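The values are calculated or read from the model by the stated rules, or taken from the named source; none is laboratory data. Everything numeric in this text was worked out from a predicted model, so none of it was measured. Note that we place each Cβ from the backbone using ideal geometry, even for glycine, and neighbour counts take in every protein chain shown. Side chains included, ligands, DNA and RNA excluded: accessible areas come from the protein's heavy atoms. Shrake-Rupley method; radii C 1.70, N 1.55, O 1.52, S 1.80 Å.
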Amino acid sequence: DDKKILELSKKDNIKLSNKKINLISVGRLHYDKGFHVLLKVLDRLNTEKLLSNVHYTLVGDGPEYNNLKNLIKEYRLSDKVSMVGNQSNPFKYVKSSDMFILSSFHESFGNVMIESLILGVPVLATRVATIDEILEEKNGMIVENSEEGLYKGLKTILENSKLLQEYKNNLKEY
């Protein structure tokens, strides 16, 4: 229901971060969602000084919550990553973001990705079963389903701000 998604995204407008680029993921915090791999990628990019103007928000709860919290501490990403837990209205968080990241190893159908596109937020997604049918490359980027794939894709986007803006412009017609 795209009208409902758009309506909910306007409730309680929030500002995620004063950083220039706000990244987000929404989902059940489970191993198969690949959030631990994404945090490792963020650690690599931080080491390369590419996260100075980036903040990542993770919305959700699940069995991996504490493990992910510990990885954030281990990688010293506490100033770059926020975990906000389960939210009854995740759309306001997505709408306030610049890019949605789907890091799943497996995904039956990317509902959260479609919701993100409806909200005008480009997507960086690992290649899983249905992604090619949902995400047009003009609205985001599909990468190899691996740590290296996520790393290369996110690095490309962070080093080329025009690419992110191009995706956003394309989504105005979505």
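Here's the yes/no breakdown for (1) modelled with pLDDT under 95; (2) closer than 17 Å to Val26 by Cβ; (3) open to solvent by less than 10 Å² (accessible area, probe 1.4 Å):
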position	(1), (2), (3)
Gly60	no, yes, yes
Glu74	no, no, no
Met83	no, yes, no
Lys92	yes, yes, no
Glu107	yes, yes, no
Gly110	yes, yes, yes
Leu124	no, yes, yes
Arg127	yes, no, no
Ser161	yes, no, no
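Working only within the stretch 73-85, note down all residues that are over 25 Å from Lys168 (Cα atoms) and either in contact with a Gly (Cβ under 6 Å, 6 or more places away or on another chain) or of a type in the set (A, V, I, L, M, F, W, C) (or both).
Matches in the stretch 73-85: Leu77 only.
Looking at the stretch 93-120, which of its residues are touching a residue at least 60 places away in the same chain (Cβ under 8 Å), closer than 15 Å to Leu8 by Cβ and among the aliphatic types (A, V, I, L, M)?
Val94, Val112, Ile118, Leu119
Among all residue pairs at least 6 apart or on different chains, which show Cβ distances below 9 Å where the first residue, located in the stretch 77-92, is free of Cβ contacts under 8 Å to residues at least 12 places away in the same chain and the second is in a strand (DSSP E or B)?
Asp79/His55
Can you tell me which residue is most open to solvent (accessible area, probe 1.4 Å) among those in the stretch 1-38 that are modelled with pLDDT of 80 or more, within 16 Å of Val59 (Cα to Cα) and in a loop (DSSP other than H, G, I, E, B)?
So, considering only residues that are modelled with pLDDT of 80 or more, within 16 Å of Val59 (Cα to Cα) and in a loop (DSSP other than H, G, I, E, B), the one most open to solvent (accessible area, probe 1.4 Å) is Arg28.
For the stretch 39-50, name all the residues that are among the aliphatic types (A, V, I, L, M) and part of a helix (DSSP H, G or I).
Leu39, Val41, Leu42, Leu45
Could you tell me which numbered condition Asp98 fails, if it satisfies all but one of (1) more than 9 Å from the chain's Cα centre (by Cα); (2) surrounded by fewer than 24 Cβ atoms within 10 Å (Cβ to Cβ)?
In the conditions (1) more than 9 Å from the chain's Cα centre (by Cα); (2) surrounded by fewer than 24 Cβ atoms within 10 Å (Cβ to Cβ), Asp98 misses (1) alone.
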